[in-house]
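Chemist: I'd like to ask you about the structure that follows.
Values quoted throughout were computed directly from the atomic coordinates according to the rules given, and no laboratory measurement underlies them. As the structure is a prediction and not an experimental result, all values here were calculated from the model. Cβ coordinates were reconstructed from backbone atoms using ideal geometry, including for glycine residues, and neighbour counts include every protein chain displayed.
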Amino acid sequence: MELLQALAVFAEEPGPTHGRLADLLGLPCAPDPATFSDVFLFNLYPYASVYLGGEGKLGGDARDRVAGFFRALGSVPGPEPDHVTVLLAAYAGLRRTDDHRAAHAATVLLHEHLLSWLPLYLARVQALAPPPYPQWAALVARVMRAEAQRHTQPGLGCTHLRHPPGLADPDADGHDAFVDSLLAPLRSGFVVTGADLVHAARRLGLGLRIGERRFVLNALLAQQPAATLRWLAEHTATTGDAWRPWVDDAPDLARWWVTTAEATRATLLDLALDVDRARLAGAAP
Amino acid sequence: MDEDLETLNARVSAARAETEARGETFYPGPSRVHLAMFPPRERWDDWVEYDATAWPRKDERRFMLVPTTCFNCEAACGLLAYVDRDSLQVRKFEGNPEAPGSRGRNCAKGPATINQVTDPDRILHPLRRAGDRGGGGWVRVSWDEALDDIAARIRAAIVEDRRDEVVYHVGRPGELGFTEEVLAAWGVDGHNSHTNVCSSAARAGFQFWCGQDRPSPDHANADVILLISSHLEAGHYFNPHAQRIMEAKANGAKLIVMDVRLSNTASHATHWLAPWPGSEAAICLAIANHLVQTDTYNRDFVRRWWNWEEYLRAEHPDRETSFDVFREILASLYADYTFEFAAAESGVDVQTLHAVAEAVAGAGTRLSTHNWRSAAAGNEGGWQVARTLFLLNALLGAVAVPGGFYPNGWNMLAPRTPVDPPRPAVWNELHLPLEYPLAMYELSFLLPHFLAEGRGRIDTYFTRVYNPVWTNPDGFSWIEALADPDKIGCHVALTPTWNETAYLADYVLPMGHSSERHDIVSYEQYDGQWIGFRQPVLRAARERMGETVTDTRQTNPGEVWEENEFWIELTWRIDPDGSLGIRRHYEAPGRPGEKMTVDDYYGWVFAHGVPGLPEAAAAQDKTPLEYMRRFGGFEVSRGVGQIHEQAVPDAELDDVHVTAHGRVYSRAPALPVSYSTGASPDPDDQGRRAAGVLVDGVVRRGFPTPSGKLEFWSSTLAAWGWPEHALPGYIRSHVHPERLADGEVPLISTFRLPVQIHTRSANAKWLNELAHTNPLWIHPSHARQLGIATGDLVRVETHAGHYVVKAWVTEGIRPGVVACSHHMGRWKPYGETEGRGSPRQRMQVSDVSVERDGDRWTLADRSPHRPDATHDPDLLRVWWSDIGVHQNMTFPVHPDPISGQHCWHQAVRVRRAEPTDAYGDVVADAARMREIYREWLAKTRGADQVSPTGERRPHWLKRPLRPQRAAWVIPSDRSPAAGGGA
């Protein structure tokens, strides 16, 4: 589990130790601070609550559930208990502890708070980040998969995913609520990063307005709503791609995420069709 | 994990092991899982920080980080000195993460060491009195002159068999017996400690139970923490205990605090009980009664580990010696200690007492308790507070288990040293007179009275980290004694700073602060053993740079020395040719005829006396001494556990004899152990050693008591004149309402402030800024009766004097009780500075006039505290002028007849000050002081009347510097058979 401890620390801001760790882990290089900021501060926030919370933001119920896990173990949760470093290091620590209670806790932590979001997160890191983070993510994924194979999921399903709020209805809830829910992975089933939106603007030939994700996405939707909705629908496939390697090792989790993303995809395509119809209707004499 | 991952995992593990074996940090942090509150130790040679004073520029400063140990209380927390590599000056102190007790954390007193080190008024050179003692004249002398003079006096006292005339009087020891070894080498029973104004009562209560005289509570793992003290925030071991108490609280533990005041500790409590002073034992007994009556005590533990069989045989010989009979008697013994009774005594309501008792009952074995000074030190019979508190642990079996109470010695390291002189063959009756056979320990605060009675004389008197004029009760009697060369021939003050006692010295010899001296320390702060090293950091820094330092004075400021080298040098000058047989104890191990150095001493201790250290050092390619100079601390063991349950190995059992109640004696010697075994139970009449106790058919180590078990019934108290107090009980205090005259209220004077040191923080500006005065706490209802408001001057009248102080009206104290912290009111005699060049101490000190008119002594403030930036511009930033009042001088001595503890609480009258009164006035009546001393002395039952063995004291009880057995025998003309003589 020392390997996992080292991988946990590697997700922190680069310091003097990262070069040595990169060598030991066989990663191509040590990260530079700008790369770290681009990946972890601006695009792929390494917190469970972003992926498992109803608002897709830091904190909230999802973080409280993680903190509760630590409290149940008798420890005092830190200010960011759902950060990937904390979770991986806690898992490594529990696996190093030689008693039945710790072993059970490790298995709960694995399936409840790690595998419930990490496969999707790590796949996106592999897809988007510059070296050494794709290699880091691949290595974390390999270790996690090996752990998942060794420690199968307990009987109960993941509490984070038990009562998801679901995608907002643009008609009933309004446009803004709908966009917010698209950007919350727990509700939409997929991850849209700032970099993804830059990519979308280029691909669709639309003007890119710089800002936080909701602002950028709204700008795209305002220019070309149907094309943007179809791009989003196509982007939901990243979830399927991410979970494909996990179908055997975490089948329930994989099924939940893929199903949710497919439902979103269908909704997005329907909406795009509605936009097309309305446009055609508006163009009719 | 697949094979590649296994390989990768093994590679990272190996790299970590290799890194840590080099003493380096694999994950130096900072990260969310590896904090970097401290520089990683591999970078301690060259640590770079920005100069805070240069902000916003980023000027780099390079430091060498050198560990030492704080000396500002007894907790011995680790410090890291930041030594500027360019100037070789200490710039600041922070925590040492390698210190196992403090774990890198410090209270305010640790970093404030820099104030003490850089104090412009500190003493830098040896000084000798010029003119009358106390007259204020001083001349600078060389160390050689001072050493030769003092050595000649001591040599004469030894050669002329006046060994009782050499006395070393210590306040804060801060070491593990180095100086006791010196005194033993000289053959003098010259150790006199401050214990009887501090912890005697608590020690007595614990020692009668378990043979160890302090608690080592496992706060961190407790479910319920019961403190009769303010230990969380202000007490002994403040920082190491506080951090562990807070851990327990974070895990849901309940904190119960008994304190008359809303102390900082009480403010954190789940239950704060503010009982009438002295009623704490009644509350403990009511809780105990609840445990017994509800049958929620740990019957199996009581059956196995209490000396109930011995008790039944002694006190109930007509009853069957069975546990059932004992249980029946136990149920009746404390039946009168109902919650209603405790409520009537304490003023705490029945419901609260019941809730607290239920909480204690619910703790099971996870009950950690602590009492040190506080109620035990305040009240006559206060030792029963500690004894009844331990009763709760003993009832629940919360002894030497996680979350419970560990006997302190098991959690202390007692390293062997290269110095092993024979014990002294003499007994100094000025320290332990016949009247107090059970005292813990020396009756130090009665010394002026003993000298005045002509019980003896002192030729050479060392005070060291000790300021009896200011600290002790009846300080004027100390002035009288110290000023009289017929009583004290030569007073040598070993001190880094001026104090009220040093002004009455013949020599003032500057000794180093915590970063300027060597000591080793080990204290009970959790269930583990550790050792810490205090070292002169500039010496260590220069040695790290390749220089050779042979004398700590070479690196200390001015001519400031350290005591280790001082004592060794003095010993050699007492016996320069070795003819007295003294010098040989301080010859270098393996180099006969050569003087021992501190490197010789500590090198030997670390190599031979600290289990595991040589191996840990070798793993880093260091000698044990190099390891300790580098890191400052070493954890010997963790989870010492239940020593009493351990089976005694067969090798320790030979020609075994077992008594009727299971005490096991053996002729085989004990195997060496690393912990402190505590008291020394007597051998049997055949000379066999007390080796263990038979429990459930197994010879176990047991406790270091006469019975080998926990002594619910103390055969010692029963046999040495106090049978009525042989069981844990309740003694009504001298400030019990029944014993107060009309209009009198108890004054609580013992409480500490967490940011002050008893007598050594006057020169620490940072600390003084946090707390600098000591108003009289008084409840609003009480204040209304007296017509007093906050800030009003009030007169506090004790039985032998009065002082004038400001009132602080607060609901943070029990109505009908007043309190005043003992920390403040530092002064210097006006004559010390009048017309002289040296300012002496300026910070936090008033210039006063000390006058005597017959038996009437007065101390009056001559000059309000004012900043004086002549030498130190920082003093201009002193914004406060009220620095408190010295109340202790108005307190008569109250020696408890059993423990010998000075019972600090005072019965006082409080009223508005007279128009002629001034803030800081102190008046005392020496005749009343003497009368009250004699009244309390009359309560004693001296060894010459009660000793069942013909000895001065139960031999098994602990005693500093234990003399040879023959010296314990009461001289024939004063023995009980001779009709006594005390």
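Chemist: Shape call for the stretch A:1-69 from the C-alpha gyration tensor, a ≥ b ≥ c root eigenvalues: rounded (a/c under 1.5), prolate (a/b greater than b/c) or oblate?
Modeler: In terms of gyration-tensor shape, oblate.
Chemist: Looking at the protein assembly as shown, what % of its DSSP beta bridges pair antiparallel, to the nearest 5? Walk me through the numbers on the way to the answer.
Modeler: Numbers: 77 of 116 bridges.
The antiparallel fraction comes to roughly 65 percent.
Chemist: Would you mind checking the pairs B:LYS622/B:LYS958; B:LYS487/B:LYS958; B:LYS622/B:LYS709; A:LYS57/B:LYS254 and listing those with alpha carbons more than 32 angstrom apart?
Modeler: B:LYS622/B:LYS958; B:LYS622/B:LYS709; A:LYS57/B:LYS254, as the Cα separations exceed 32 Å there.
Chemist: Could you tell me which residue out of B:GLN841, B:GLY104, B:PRO30 lies farthest along the dipole of the protein assembly as shown toward its positive end? Charges go on the beta carbon: Lys and Arg +1, Asp and Glu -1, centred on the Cα centre.
Modeler: B:PRO30
Chemist: Quick one, can you get me the convex hull of the C-alpha atoms of the stretch B:737-937 expressed as volume per residue in Å³? It would help to have the intermediate numbers written out before the result.
Modeler: Working: hull volume 28.6 nm³, N = 201.
Hull volume over Cα atoms, normalised by residue count, gives 142 Å³.
Chemist: While we're here: Quick one: which residues, 5 or more positions from B:TRP530 or on another chain, have an amide H under 5 Å from its amide H? H modelled 1.01 Å from N in the peptide plane, none for Pro or chain starts.
Modeler: Here B:LEU413, B:TYR523, B:VAL636 satisfy the definition.
Chemist: Show that you can apply the helix-only estimate: for chain A, add -39,500 (n - 2.57) for every DSSP H stretch of four or more residues, divide by all residues, and state [θ] at 222 nm to the nearest 500.
Modeler: -19000 deg cm²/dmol
Chemist: Starting from the eigenvalues of the Cα gyration tensor, five times each then square-rooted, give me the equivalent ellipsoid semi-axes of the stretch B:371-525, largest first, whole Å. Could the numbers behind the result be given before it?
Modeler: Values: eigenvalues 223, 98, 58 Å².
Each semi-axis is √(5λ); the values are 33, 22, 17 Å.
Chemist: In whole Å, what is the distance between the alpha-carbon centres of the stretch A:26-40 and the stretch B:572-621?
Modeler: 55
Chemist: Then there is this: Around B:GLU310, under 11 Å between beta carbons, what's the net of Lys plus Arg minus Asp minus Glu among the other residues? Spell out each step's value before the answer.
Modeler: Details: positive: B:ARG313, B:ARG663, B:LYS709; negative: B:GLU309, B:GLU315, B:GLU711.
Charge balance in the 11 Å sphere: 0.
Chemist: Loop-only check: which GluC sites (Glu not before Pro) in the stretch B:302-403 are DSSP coil with at most 14 other Cβ within 10 angstrom?
Modeler: B:GLU320
Chemist: Find the centroid of the Cα atoms in the stretch B:904-924 and in the stretch A:136-187, then give the distance between the two in whole Å.
Modeler: A separation of 73 Å, based on Cα centres.
Chemist: Would you mind calculating the gained length between B:VAL139 and B:THR270 on full extension (0.36 nm times residue separation, minus the Cα-Cα distance), in nm to one decimal?
Modeler: 41.4 nm
Chemist: How big is the dipole moment of the protein assembly as shown about its Cα centre under a simple scheme where the beta carbon of each Lys and Arg is +1, that of each Asp and Glu is -1, and everything else is neutral? Debye, nearest 20, please. Walk me through the numbers before you get to the answer.
Modeler: Values: 128 positive and 160 negative charges, 229 e Å.
Charge dipole, the protein assembly as shown, about its Cα centre: 1100 debye, nearest 20.
Chemist: Ok, one more. Check B:LEU79: other-chain or 5+ apart residues with amide H under 5 Å from its amide H, H built from backbone geometry?
Modeler: Counting only residues 5 or more places away or on other chains, the set is B:THR68, B:THR69, B:CYS70, B:ASN96.
Chemist: Go through the stretch B:816-823 residue by residue and turn each phi into a ³J(HN,Hα) via Karplus (6.51, -1.76, 1.60, θ = phi - 60°); whole Hz please, and just put x for glycine and proline.
Modeler: 3J(HN,Hα) across the stretch B:816-823, in whole Hz: x, 10, 10, 8, 8, 5, 7, 6.
Chemist: What are the ³J(HN,Hα) values, in whole Hz, obtained from phi via the Karplus relation 6.51 cos²θ - 1.76 cosθ + 1.60 with θ = phi - 60°, for each residue of the stretch A:88-97 in sequence order, with x given for Gly and Pro?
Modeler: Couplings: 5, 5, 5, 4, 4, x, 5, 5, 6, 7 Hz.
Chemist: Cα atoms only, the stretch B:601-745: Rg and Dmax in Å?
Modeler: 22.5, 72
Chemist: How large is the direction-averaged shadow of the alpha-carbon convex hull of the stretch B:200-411, in nm²?
Modeler: Mean projected area for the stretch B:200-411: 10.7 nm², to one decimal.
Chemist: Then there is this: Among the lysines, which have Cα under 25 Å from the Cα of B:LYS249 when same-chain residues fewer than 8 positions away are ignored?
Modeler: Here the lysines satisfying the reach criterion relative to B:LYS249 are B:LYS109.
Chemist: Please report, to two decimal places, log10 I(q)/I(0) for chain B at q = 0.07 Å⁻¹ as given by the Debye formula with identical point scatterers on the Cα atoms and no solvent.
Modeler: Once normalised to I(0) and log-transformed, intensities are -0.59.
Chemist: Need one number for chain A: average projected area of the convex hull over its C-alpha atoms, nm².
Modeler: Over all viewing directions, chain A projects a mean Cα-hull area of 15.8 nm².
Chemist: Could you work out how far the C-alpha centroid of the stretch B:245-272 sits from that of the stretch A:200-222, in angstrom?
Modeler: 57
Chemist: Further, regarding this structure: Only residues of the stretch A:242-275 count here: report those whose backbone N is under 14 Å from the spot 7 Å along Cα→Cβ of A:HIS199, or say none.
Modeler: Residues A:242 qualify, since their backbone N sits under 14 Å from the label point.
Chemist: Kindly give Rg over Rh for the stretch A:2-156, based on alpha-carbon atoms, with the Kirkwood expression for the hydrodynamic radius.
Modeler: 0.95
Chemist: Please report, in Å, the Rg and the Dmax of the stretch B:29-153, where both are computed over Cα atoms only.
Modeler: Just the Cα atoms of the stretch B:29-153 yield Rg and Dmax of 20.0, 65 Å.
Chemist: Rounded to the nearest 0.05, what FRET efficiency is calculated for B:ALA52 and B:LEU88 with R0 set to 22 Å and r the Cβ-Cβ distance?
Modeler: 0.65
Chemist: Taking 2.2 N^0.38 Å as the expected size of a compact globular protein, what ratio does the Cα radius of gyration of the stretch B:849-961 give against it, to two decimals?
Modeler: 1.62
Chemist: As an exercise, identify the GluC sites (Glu not before Pro) in the stretch B:525-629 lying in DSSP coil whose Cβ has no more than 16 other Cβ atoms within 10 Å.
Modeler: B:GLU547, B:GLU559
Chemist: Which value at 222 nm does chain B reach when only helices count, each DSSP H run of 4 or more adding -39,500 (n - 2.57), with the total divided by all residues and rounded to the nearest 500 deg cm²/dmol?
Modeler: That comes out to -7500 deg cm²/dmol.
Chemist: Further question: Name the residues whose placed amide hydrogens come within less than 5 Å of the amide hydrogen of B:LEU262, ignoring near sequence neighbours (fewer than 5 apart) on the same chain.
Modeler: HN-HN under 5 Å from B:LEU262: B:ILE813.
Chemist: Further question: P(r) for the stretch B:238-343: what percent of alpha-carbon pairs falls in each 10 Å bin, starting at zero?
Modeler: Taking every Cα pair in the stretch B:238-343, the percentages come to 13, 30, 30, 21, 7, 0.
Chemist: For the protein assembly as shown, just list the percent of Cα-Cα distances falling in each 20 Å bin from zero outward, please.
Modeler: 10, 34, 32, 17, 6, 1, 0
Chemist: Using the Karplus curve 6.51 cos²θ - 1.76 cosθ + 1.60 with θ = phi - 60°, work out ³J(HN,Hα) for each residue of the stretch A:110-125 in order, rounded to whole Hz, and write x for Gly and Pro.
Modeler: 4, 7, 7, 10, 10, 5, 5, 9, 4, x, 5, 4, 5, 5, 5, 4
Chemist: Here's another thing I want to ask about it. How many times 2.2 N^0.38 Å is the alpha carbon radius of gyration of the stretch B:644-725?
Modeler: In units of the 2.2 N^0.38 Å rule of thumb, it is 1.10.
Chemist: Cα atoms only, the stretch B:128-175: Rg and Dmax in Å?
Modeler: Rg and Dmax of the stretch B:128-175, Cα atoms, are 13.9, 35 Å.
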